[in-house]
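Enquirer: This structure is in structure tokens; I'll ask about it shortly.
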Amino acid sequence: ERVMAILHNLTPLVEPLSIDEAFLDVTGLSGGGEAIARQLQLTIRKELDLPCSIGVATNKLVAKIANNLGKARKKDGKPPCAIELVPEGHEAKYLAPLAIRELWGVGPKTAESMYALNIETIGDIARQKEKFMIHHFGKNGYDMWRRAQGIDNRPVEPEQEAKSISNET
């Protein structure tokens with residue numbers, strides 16, 4: 001709750017993803033994404049003494065992947081406190097070398113089918129013809145092809161109904 005309060009103090013456009021993750025739309029704020037991320041990380045560290053990793057990108061898909069990769073690169077045994085920036089216009093290039101399993105919508109069975117077609121990276125998906133992806137994977141093929149281009153037009157949605165309730169210890 002205290003982390004979310006800090007996020008809401010920055011922008012009203014906060015979409016909680018889980019108990020400790022959220023998407024923020026900081027489009028109207030001054031300073032640029034990297035500066036905003038550094039200030040946010042510092043505020044959370046100073047006020048709550050918590051580590052905080054942030055993915056900065058033009059959309060939710062790329063920001064989430066950037067956050068995951070930034071955390072994964074920290075291998076010093078300490079809690080990750082990463083900031084991973086993907087500049088506007090470089091989304092597809094950033095995603096291209098990544099394994100297909102990093103992309104939303106590619107689960108184990110889909111990955112197996114893709115490997116059989118010699119598709120191993122997100123860039124391999126992006127290089128396919130749109131019709132090829134639809135032919136082999138249906139509507140999900142189209143969605144994966146768009147995501148592989150770094151395209152995600154979903155807005156940050158501050159108010160959502162709970163999809164599930166979980167208990168974590």
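The values are calculated or read from the model by the stated rules, or taken from the named source; none is laboratory data. Here the structure is a predicted model, which is why all the values come from computation and not from measurement. Backbone-built Cβ (ideal geometry, glycine too); neighbour counts: all protein chains shown.
Enquirer: Is at least one residue of segment 25-38 in contact (Cβ under 8 Å) with a residue 40 or more places away in the chain and of a type in the set (A, V, I, L, M, F, W, C)?
Expert: Within segment 25-38, one or more residues are in contact (Cβ under 8 Å) with a residue 40 or more places away in the chain and of a type in the set (A, V, I, L, M, F, W, C).
Enquirer: Something else: Among the residues of segment 117-136, is any surrounded by 13 or more Cβ atoms within 10 Å (Cβ to Cβ), of a type in the set (A, V, I, L, M) and either under 26 Å from S18 (Cα atoms) or at pLDDT below 95 (or both)?
Expert: The answer is yes, given that some residue of segment 117-136 is surrounded by 13 or more Cβ atoms within 10 Å (Cβ to Cβ), of a type in the set (A, V, I, L, M) and either under 26 Å from S18 (Cα atoms) or at pLDDT below 95 (or both).
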